[in-house]
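> Let me begin by handing over the structure; questions about it come next.
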Amino acid sequence: DLGFTQGVPVTYASGVLALYSRPGLLGQTENPLLALGNALEGGTIKRLVIANPEYAPYGSAARAALEHAGTWVQAKQVLLVAANAGQAVQYALEGDVDVAFVPMPLARLAELQKTGHLQALPSEAFPNVELDQQMVLLPDADQKTQEFFAYLQSIDSREIFSRHGLGAPALISPNLQH
């Protein structure tokens, strides 16, 4: 501990990776990655976009999901690598791609569900990739900052984050409920 922060980082929400597809392409399914694999194999997908997996967390998660599903080699044949998650959402909005792996909060903000099908992927689909949203408290934090830090860990905040497409962290301290 070098004294730059108080305590350890706190996870206040978990990122959610979503799979977007044009209307009628994949549909609602128990296993969207299997449906994606079948569509890739059948040649119905011409363009698939992910954020750059070299530096974008959601891009890393997308690549891991494709690898875990055994479709990475097929996907690379139609892959478009966006600079970041926002650009991946933009390609989907503009209709430039058939399928996009995007962060659920950005997808909801852009209302992608109105232009196609949007389905959250379980974190088990991309093992070993963390999409946790974390924060730290600085040593000189005043009382209001400390209260806000505590509020962001509350049940109330978890419900707000959930409405906007983020998942709940594994554990939330019960004494932080508001």
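> Can you name the residue in the range 4-31 that is part of a loop (DSSP other than H, G, I, E, B) and aliphatic (A, V, I, L, M) and, of all such residues, is modelled with the lowest pLDDT?
Let us first name the residues in the range 4-31 that are part of a loop (DSSP other than H, G, I, E, B), namely 4-5, 15-16, 22-31.
Filter once more, keeping what is aliphatic (A, V, I, L, M): 16, 25-26.
Details: 16: 92, 25: 92, 26: 88.
The extreme case among them is 26.
> Would a scan of the range 119-139 turn up a residue that is assigned to a helix (DSSP H, G or I), closer than 24 Å to residue 9 by Cα, in contact (Cβ under 8 Å) with a residue 60 or more places away in the chain and touching a Ser or Thr at 6+ places or on another chain (Cβ under 8 Å)? Before you say what the answer is, go through the steps one by one.
Let us first name the residues in the range 119-139 that are assigned to a helix (DSSP H, G or I), namely 123-125.
The next check asks that each one be closer than 24 Å to residue 9 by Cα; those that pass are 123-124.
Pick out the ones that are also in contact (Cβ under 8 Å) with a residue 60 or more places away in the chain and you get 123.
Imposing the further condition that a residue be touching a Ser or Thr at 6+ places or on another chain (Cβ under 8 Å) reduces the set to 123.
Scanning the range 119-139 turns up at least one residue that is assigned to a helix (DSSP H, G or I), closer than 24 Å to residue 9 by Cα, in contact (Cβ under 8 Å) with a residue 60 or more places away in the chain and touching a Ser or Thr at 6+ places or on another chain (Cβ under 8 Å).
> State whether the residues of the range 138-147 include one that is surrounded by 15 or more Cβ atoms within 10 Å (Cβ to Cβ) and not small (Gly, Ala, Ser).
Residues of the range 138-147 surrounded by 15 or more Cβ atoms within 10 Å (Cβ to Cβ): 141.
Those left that are additionally not small (Gly, Ala, Ser): none.
No: zero hits.
> Which numbered condition in (1) among the aliphatic types (A, V, I, L, M); (2) over 27 Å from residue 48 (Cα atoms); (3) within 14 Å of the chain's Cα centre (by Cα) is the only one that residue 150 fails?
(3)
> Still on this structure, I have one more. Is there any pair with a first residue in the range 32-54 that is more than 15 Å from residue 64 (Cα to Cα) and a second that is of a type in the set (Asp, Glu) and outside any helix (DSSP H, G or I) whose Cβ atoms are under 6 Å apart and which are 6 or more apart or on different chains, and what are they?
Here the result reads 45/98; 46/98; 47/98, each pair linking the range 32-54 to a residue that is of a type in the set (Asp, Glu) and outside any helix (DSSP H, G or I).
The values are calculated or read from the model by the stated rules, or taken from the named source; none is laboratory data. None of the values given here were measured: they were computed from a predicted structure. In this analysis, Cβ positions are derived from the backbone assuming ideal geometry, glycine residues included, and neighbour counts consider all displayed protein chains.
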